[in-house]
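Chemist: Here you go, one structure.
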Amino acid sequence: MRKKITIILFLLLTTIFMQGCNSSSKTSKSNATSNNPQNLPLEKIKLPKGFQISIFANGVNEARSMVRGDKGTIFVGNRGGGNVYAVVDNDNDYKADKVYTIASGLNMPCGVAFRKGSLYVAEVSRILRYDNIEANLDNPPKPVVVYDKYPTDRHHGWKFIAFGPDDKLYVPVGAPCNICERLENPQYASITRMNPDGSGLEVFASGVRNSVGFDWHPDTKELWFTDNGRDMLGDDLPSDELNHAPKKGMHFGYPYCHQGDTKDPKFGDKRPCSDFTPPAQKLGAHVAALGMRFYTGKMFPNGYNKKAFIAMHGSWNRSKKVGYKLALVQTKEGKVTEFETFAEGWLDHKKQLAWGRPVDVLQMPDGSLLVSDDMANVIYRITYK
């Protein structure tokens with residue numbers, strides 16, 4: 001009898017234990033995927049050894065340019081939906097707890113910048129400012145119009161913006177076309193800059209077809225920017241560019257010369273390529289190089305210090321897709337000494353299908369790297385262990 005009771009108790013405890021294990025297993029699996037409701041195939045992203053990628057924020061529709069506020073809020077611009085978002089991580093576990101829509105109905109508000117508690121937002125033809133924004137995410141203030149005299153063309157009208165080391169706001173103005181010469185307004189195909197209050201507007205760099213990303217080298221404080229090459233010259237011409245502008249007044253070729261050595265079929269006879277500053281690096285034709293940042297964090301290995309990460313959004317009209325990745329660039333004395341792929345896997349080359357498109361990169365205080373994706377509607381976080 002005692003033996004029988006012992007066997008029954010053993011079977012009962014075993015059943016309870018197995019149910020507990022199964023419950024624990026399900027919970028673990030759920031937690032592992034709770035921040036990835038779309039089941040994005042992150043395992044397909046190829047990174048250097050020791051790096052990992054996870055999802056920082058979901059549901060950030062058409063996530064474009066990013067900037068971090070003084071209190072840690074990640075502000076995100078949007079090109080097609082007219083919204084500006086504020087992503088909050090209240091418990092500092094590097095997973096967003098809430099996404100606020102702080103503005104809507106705007107005209108392609110892609111660019112965001114932050115200065116002294118105020119969020120600056122770039123629409124097609126104007127710059128807005130939201131004061132004391134991090135204390136008012138639930139009830140954002142009415143924006144102040146900083147400047148409203150940019151061209152109204154929507155073609156390349158979306159803007160990346162940032163404050164430079166000189167405390168001026170840098171604002172690019174894309175060419176209002178694939179290829180055209182618009183001499184009546186020097187703002188076209190340029191990078192402009194202004195004082196924080198909108199005064200003192202001037203053209204800093206010319207001949208820039210469409211820059212949607214730039215940063216200043218941490219040592220020299222000189223400007224580096226990406227520029228998208230023209231379309232309709234075939235699969236392999238011209239290359240997107242990484243350019244270096246250490247001073248005001250430089251011209252980078254558009255619409256006369258592309259990639260530093262290729263004259264335009266329509267406008268190239270007007271001015272030779274020798275008139276212009278060539279790119280510091282050819283990035284590849286149609287890769288759509290957008291956001292870029294120099295890395296100054298402590299999390300990644302020392303070899304990454306002061307290298308520039310570049311988001312390549314990916315081609316839209318090439319017969320075989322290219323881009324859809326993150327590139328890495330090393331510079332020295334104004335020259336590019338290394339150019340390589342850092343992360344890829346958003347594009348299935350064999351099937352020619354993409355499930356994500358990197359747009360912008362942003363370094364966090366702990367040294368991790370955020371990457372926005374306007375196709376998957378998420379923000380990734382890349383870490384190193």
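Chemist: Which members of segment 66-99 meet the condition of being open to solvent by 40 Å² or more (accessible area, probe 1.4 Å) and aromatic (Phe, Trp, Tyr)?
Modeler: Tyr94, the sole residue that qualifies.
Chemist: Looking for whichever is surrounded by fewer than 23 Cβ atoms within 10 Å (Cβ to Cβ) and in contact with a strand residue (DSSP E or B) (Cβ under 7 Å, 6 or more places away or on another chain) here; the options are Gly345, Gly367, Gly291. Which one fits?
Modeler: None of the others qualify; the one that does is Gly345.
Chemist: Determine which member of the set Leu283, Leu290, Leu328 is in a strand (DSSP E or B), in contact with a His (Cβ under 7 Å, 6 or more places away or on another chain) and modelled with pLDDT of 95 or more.
Modeler: Checking each option against the conditions leaves just Leu290.
Chemist: Any residue in segment 34-41 that is part of a loop (DSSP other than H, G, I, E, B) and open to solvent by less than 10 Å² (accessible area, probe 1.4 Å)?
Modeler: no
Chemist: Still on this model: Counting just the residues of segment 143-164 that are open to solvent by 70 Å² or more (accessible area, probe 1.4 Å) and either without any contact (Cβ under 8 Å) to a residue 12 or more places away in the chain or farther than 14 Å from Leu128 by Cβ (or both), which one comes out farthest from the chain's Cα centre (by Cα)?
Modeler: Only one residue fits best here, namely Thr152.
Chemist: In segment 56-90, what residues are of a type in the set (S, T, N, Q), in a loop (DSSP other than H, G, I, E, B) and modelled with pLDDT of 95 or more?
Modeler: The answer is Asn58, Asn61, Thr73, Asn83.
Chemist: Restricting segment 221-231 to residues that are in contact (Cβ under 8 Å) with a residue 60 or more places away in the chain and under 22 Å from Val361 (Cβ atoms), which is most open to solvent (accessible area, probe 1.4 Å)?
Modeler: If we take residues in segment 221-231 being in contact (Cβ under 8 Å) with a residue 60 or more places away in the chain and under 22 Å from Val361 (Cβ atoms), then Glu222 is most open to solvent (accessible area, probe 1.4 Å).
Chemist: Consider Val361 carefully, then state whether it is of a type in the set (A, V, I, L, M), within 26 Å of Pro172 (Cβ to Cβ), in contact with a Gly (Cβ under 9 Å, 6 or more places away or on another chain) and outside any strand (DSSP E or B).
Modeler: no
Chemist: Also: What is the one condition in (1) within 17 Å of Arg209 (Cβ to Cβ); (2) touching a Gly at 6+ places or on another chain (Cβ under 9 Å); (3) of a type in the set (A, V, I, L, M, F, W, C) that Phe309 does not satisfy?
Modeler: Going through (1) within 17 Å of Arg209 (Cβ to Cβ); (2) touching a Gly at 6+ places or on another chain (Cβ under 9 Å); (3) of a type in the set (A, V, I, L, M, F, W, C) one by one, Phe309 breaks only (1).
Chemist: Picking from Gly234, Gly297, Gly268, Gly253, which residue would you name as being in a loop (DSSP other than H, G, I, E, B) and surrounded by 19 or more Cβ atoms within 10 Å (Cβ to Cβ)?
Modeler: Gly253
Chemist: Among the residues of segment 109-127, write down those that are surrounded by fewer than 21 Cβ atoms within 10 Å (Cβ to Cβ), within 20 Å of the chain's Cα centre (by Cα) and farther than 28 Å from Ile53 by Cβ.
Modeler: Arg115
Chemist: Something else: List the strands (runs of 3 or more DSSP E) that sit entirely inside segment 142-227 and contain at least 2 residues that are farther than 17 Å from Gly253 by Cβ and of a type outside the set (Val, Ile, Thr).
Modeler: Output list reads 169-173, 190-194, 214-216.
Chemist: Looking at the structure I just gave you, is Val67 touching a Phe, Trp or Tyr at 6+ places or on another chain (Cβ under 6 Å), over 20 Å from Arg154 (Cα atoms) and β-branched (Val, Ile, Thr)?
Modeler: Against the criterion (touching a Phe, Trp or Tyr at 6+ places or on another chain (Cβ under 6 Å), over 20 Å from Arg154 (Cα atoms) and β-branched (Val, Ile, Thr)), Val67 qualifies.
Chemist: Scan segment 117-139 for residues that are without any contact (Cβ under 8 Å) to a residue 40 or more places away in the chain and more than 15 Å from Ser65 (Cα to Cα) and jot them down.
Modeler: Ser118, Ser125, Arg126, Leu128, Arg129, Tyr130, Asp131, Asn132, Ala135, Asn136, Asp138, Asn139
Chemist: Also, I was wondering about something else. Those residues that are in contact (Cβ under 8 Å) with a residue 12 or more places away in the chain and either of a type in the set (D, E, K, R) or farther than 19 Å from Asn377 by Cβ (or both), I need them from segment 37-52; list them, please.
Modeler: Within segment 37-52, Lys44, Lys46, Leu47, Pro48, Gly50, Phe51, Gln52 qualify.
The values are calculated or read from the model by the stated rules, or taken from the named source; none is laboratory data. Since the structure is predicted, the reported quantities are computational estimates derived from the model, not experimental observations. Cβ coordinates were reconstructed from backbone atoms using ideal geometry, including for glycine residues, and neighbour counts include every protein chain displayed. To get the accessible areas, we keep the full protein, side chains included, count just its heavy atoms, and leave off ligands, DNA and RNA. Shrake-Rupley method; radii C 1.70, N 1.55, O 1.52, S 1.80 Å.
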